[in-house]
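To start, the structure under review is shown below, and the notes come after it.
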Amino acid sequence: LGIALAIALAALGPSTTELQPTTVQSNAEVFFVVDRTGSMAAEDWNGDLPRLDGVRHDLPAIVAAFPGARFSIIAWDSQATRQLPLTTDARAVTSWAATVRQELTSFSTGSQLDRPLDALTEALAGAAERNPSNVRLVYFLSDGENTDGDDSSAGAQLRSYAGLAPLVDGGGVLGY
């Protein structure tokens with residue numbers, strides 16, 4: 001009887017519930033534009049490691065800096081493809097980064113720094129249309145080599161990314 005009375009008194013006593021959010025939400029949309037051309041296999045990043053190891057290192061660090069953001073990946077080599085649509089799944093980005101490989105040289109048609117421009121324009125315009133008040137950040141990860149398949153095209157006439165300025169709020173260019 002004493003135990004039952006003690007339980008009844010405890011149940012009637014004051015209690016508090018503490019709610020903690022389990023997710024963080026942000027209005028940031030982060031677009032990664034990643035160079036997968038053969039030159040990204042050159043072993044000169046951080047000493048003697050492949051340049052793509054630099055990408056594998058930097059992508060998760062950027063993702064960690066934007067908890068709750070939405071992420072998208074556009075990779076380019078002989079063509080540009082959207083590898084990951086906008087998602088809040090940060091693990092999808094880090095998994096992609098851990099498994100990314102450079103393009104096979106036998107299939108390469110050279111690299112052009114403006115090759116991902118159309119895919120990026122489409123992705124940014126779509127995001128701006130769906131959520132005009134969101135902040136859009138673009139990170140361009142490349143070694144900057146521009147070749148036409150035969151030799152260097154350092155003086156090539158490339159299309160400009162300047163037209164994307166109204167759609168982009170920030171970001172960076174990471175060179176390897």
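Per-structure values
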item: Of the criteria (1) part of a loop (DSSP other than H, G, I, E, B); (2) surrounded by fewer than 16 Cβ atoms within 10 Å (Cβ to Cβ), which one Glu145 fails; result: (2)
item: The lone exception for Asp118 - which of (1) of a type outside the set (S, T, N, Q); (2) part of a helix (DSSP H, G or I); (3) more than 29 Å from Arg159 (Cα to Cα); (4) open to solvent by 70 Å² or more (accessible area, probe 1.4 Å) it fails; result: (3)
item: Tally of residues being exposed (fewer than 13 other Cβ atoms within 10 Å of the Cβ), under 11 Å from Thr37 (Cα atoms) and of a type outside the set (A, V, I, L, M, F, W, C) across the range 89-115; result: 2
item: Complete set of residues in the range 37-55 that are surrounded by fewer than 18 Cβ atoms within 10 Å (Cβ to Cβ), touching a strand residue (DSSP E or B) at 6+ places or on another chain (Cβ under 9 Å) and not in a strand (DSSP E or B); result: Ala41, Ala42, Asp53
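The values are calculated or read from the model by the stated rules, or taken from the named source; none is laboratory data. The structure presented is a predicted model; accordingly, all values stated were derived computationally and were not measured. A quick note on method: Cβ atoms are made from the backbone with ideal geometry, for glycine too, and the neighbour counts reach across all protein chains shown. Areas reflect the complete protein model, heavy atoms only, side chains present, ligands, DNA and RNA absent. Shrake-Rupley method; radii C 1.70, N 1.55, O 1.52, S 1.80 Å.
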